[in-house]
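Shown next, in structure tokens, is the structure this report addresses.
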Amino acid sequence: MDISDAARTYVHDETSGEGEDDAVERLFFRERDQVEDAIMAIPPTTAQDMAAKTLVSHCHGDFTCLNYDTSPF
């Protein structure tokens with residue numbers, strides 16, 4: 001299971017004394033951010049490298065730089 005899947009299926013323990021957002025950040029997103037930062041720090045040398053960086057920079061589909069109203073894609 002990857003970090004994103006684990007975060008989506010996480011069930012927060014309300015009695016933990018920690019807010020859900022803080023728990024999810026600590027348990028999942030800090031690690032994912034470190035992996036993404038490492039990927040972005042490597043200079044691209046191939047089309048596959050650029051594709052990986054594009055996926056990372058678009059937060060795995062959560063965000064996009066494309067304008068769907070005017071984009072030719």
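The values are calculated or read from the model by the stated rules, or taken from the named source; none is laboratory data. Predicted model, so just to flag it, every value in this text is computed and none were measured. Heads up, the Cβs are rebuilt from the backbone with ideal geometry, glycines too, and the neighbour counts pull from every protein chain shown. These accessible areas exclude ligands, DNA and RNA; they are computed on the full protein's heavy atoms, side chains included. Shrake-Rupley method; radii C 1.70, N 1.55, O 1.52, S 1.80 Å.
Couple of notes before you dig in:
- In region 32-41, the condition of being exposed (fewer than 14 other Cβ atoms within 10 Å of the Cβ), more than 15 Å from the chain's Cα centre (by Cα), assigned to a helix (DSSP H, G or I) and not polar (S, T, N, Q) is met by at least one residue.
- Members of region 48-67 found to be modelled with pLDDT of 85 or more and open to solvent by 70 Å² or more (accessible area, probe 1.4 Å), listed by number: 48, 50
- Selection count where residues are over 22 Å from residue 55 (Cβ atoms) and part of a loop (DSSP other than H, G, I, E, B), scope region 1-16: 4
- Within region 15-24, the residues that satisfy the criterion of being open to solvent by 70 Å² or more (accessible area, probe 1.4 Å) and not β-branched (Val, Ile, Thr) are 17, 20, 21, 22.
- Verdict on residue 8 being within 13 Å of the chain's Cα centre (by Cα), of a type in the set (Lys, Arg) and either surrounded by 14 or more Cβ atoms within 10 Å (Cβ to Cβ) or modelled with pLDDT of 85 or more (or both): no
- Checking residue 45 against (1) surrounded by 10 or more Cβ atoms within 10 Å (Cβ to Cβ); (2) modelled with pLDDT of 85 or more, the condition it does not meet: (1)
- If you go through region 17-31 and keep only what is more than 24 Å from residue 57 (Cα to Cα) and either at pLDDT below 85 or not in a helix (DSSP H, G or I) (or both), you end up with 17, 18, 19.
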